[in-house]
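A short worksheet on the structure shown next.
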Amino acid sequence: MTRVGTAGPNRQLWLAAAVPTAFAGFGLAWLLARPDTPPPSSLLRVVADCAGVLAVGLACVNRLDDPRRRAELRNRARLPLIGTGAVWLLAVLGLAVGLAAESAGVGYGRLDLGTLGSYLTQISTGRLMLLVAASVAVLLVSSAAARIGGTDRPLTVELVCAALALVVLPLTGHLSQRAPGAVFALAHTLSAALWCGLLAAMALTVRSRGAWARTLPRYSAVALWSVAVLVVSGVVDAALQLDGFGALVATGYGRILVAKTVILVGLLGAGWRFRRGWVEQAAAHRTSSALSLRRAVAEVAVMAVVLGLAAALATVG
């Protein structure tokens, strides 16, 4: 029998499998979008989006457990949240530099501080990048202070900062040019973060069969509502963005959207199957923690492909 903590030291490595699949999704988007390919800075957007989704999940994963047990998950989430926040902040800062260089029409290595400063203070997308960076910095400092000080407090500040940064980031892409669909796109972003981020956070923090039995059914309920919002908001946003059904094959945006939809449909089918099998077995304590971890990581890895496609969609018109 697998011991409770057997997979603990390796779960970060297991979840790291989602990183190459996210870049695979971006690579697929790059091929589908040709000749209107995403700019190079979009690679950093992939990292920023993945880190943001994970941060949202880590900041609220403890809410899936019983009230008297939430402190344990909360404390386990703090260290990964610090690491995720650091990666997120570096990606956002790098993305800001990349966007400034692309806006000025110069190479990344030739961008001077004056041009960068002008972009961050005078251009709307630059100011939004400052807001994202500030939110992530507050998240990082708050998490680190609680960890260093040994303070057991709710992750409310971290959750608010993560959610704010995550919904503002799409506004730095083409979403800034299509205000009518902004509300639906932001709802799409948050629902995707809950669906994917919570499961990824569970893979990092849930370590026993009993904990999976308590948290997985609650995650399944949250995922059901998140997917409902995800589908409705995605359909409305696509209808507002595309000029007819022909655009689904005639434009890079449409082709990426089709690929994203196909993978999402596959995920929904797998999710329904898991809901009838894995969730019921886990709730009845008939599934080991190691098996639940493997299933969670496998599902997150496929979700990461969608995140890579979504990052490309933010900059492909």
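Observations on the structure shown:
- Top-ranked residue of segment 79-89 - restricted to ones that are in contact (Cβ under 8 Å) with a residue 40 or more places away in the chain and either closer than 15 Å to Ala137 by Cβ or surrounded by fewer than 21 Cβ atoms within 10 Å (Cβ to Cβ) (or both), ranked as nearest to the chain's Cα centre (by Cα): Trp88
- Any hit, segment 55-68, residues being more than 20 Å from Thr189 (Cβ to Cβ) and of a type in the set (A, V, I, L, M, F, W, C): yes
- Qualifying residue in segment 269-278 (condition: assigned to a helix (DSSP H, G or I), under 10 Å from Trp212 (Cα atoms) and out of contact with any Cys (no Cβ under 6 Å at 6 or more places or on another chain)): no
- Checking segment 274-283 against the condition returns no match, with no residue being of a type in the set (D, E, K, R), touching an Asp or Glu at 6+ places or on another chain (Cβ under 9 Å) and surrounded by fewer than 14 Cβ atoms within 10 Å (Cβ to Cβ).
- For segment 36-57, the criterion of being in contact with a Cys (Cβ under 8 Å, 6 or more places away or on another chain), in a helix (DSSP H, G or I), touching a residue at least 40 places away in the same chain (Cβ under 8 Å) and not polar (S, T, N, Q) is satisfied by at least one residue.
- Subset of segment 177-215 that is buried (at least 17 other Cβ atoms within 10 Å of the Cβ), among the β-branched types (Val, Ile, Thr) and part of a helix (DSSP H, G or I) - its residue that is farthest from the chain's Cα centre (by Cα): Thr215
- Yes/no for Arg218 being charged (D, E, K, R), in a helix (DSSP H, G or I), under 30 Å from Ser292 (Cβ atoms) and touching a residue at least 60 places away in the same chain (Cβ under 8 Å): yes
- Qualifying positions in segment 216-246 - surrounded by fewer than 17 Cβ atoms within 10 Å (Cβ to Cβ), within 19 Å of Leu313 (Cβ to Cβ) and within 20 Å of the chain's Cα centre (by Cα): Val231, Val232, Val235
- Any hit, segment 46-69, residues being more than 24 Å from Arg207 (Cβ to Cβ) and either in contact with a Gly (Cβ under 6 Å, 6 or more places away or on another chain) or basic (Lys, Arg) (or both): yes
- Extreme residue, surrounded by the most Cβ atoms within 10 Å (Cβ to Cβ), among residues of segment 146-162 that are aliphatic (A, V, I, L, M) and modelled with pLDDT of 95 or more: Ala162
- Count of segment 225-252 residues which are touching a residue at least 12 places away in the same chain (Cβ under 8 Å) and touching a Lys or Arg at 6+ places or on another chain (Cβ under 9 Å): 5
- Residue within segment 125-132 that is polar (S, T, N, Q) and either over 30 Å from Arg218 (Cα atoms) or without any contact (Cβ under 8 Å) to a residue 12 or more places away in the chain (or both) present: yes
- Just one of the listed residues (Ala239, Ala211) is modelled with pLDDT of 90 or more and small (Gly, Ala, Ser), namely Ala211.
The values are calculated or read from the model by the stated rules, or taken from the named source; none is laboratory data. Only a predicted model underlies this, so the values are computations on that prediction, with no experimental measurement involved. When we count neighbours, we look across all protein chains shown, and the Cβ atoms used for this are built from the backbone with ideal geometry, even at glycine.
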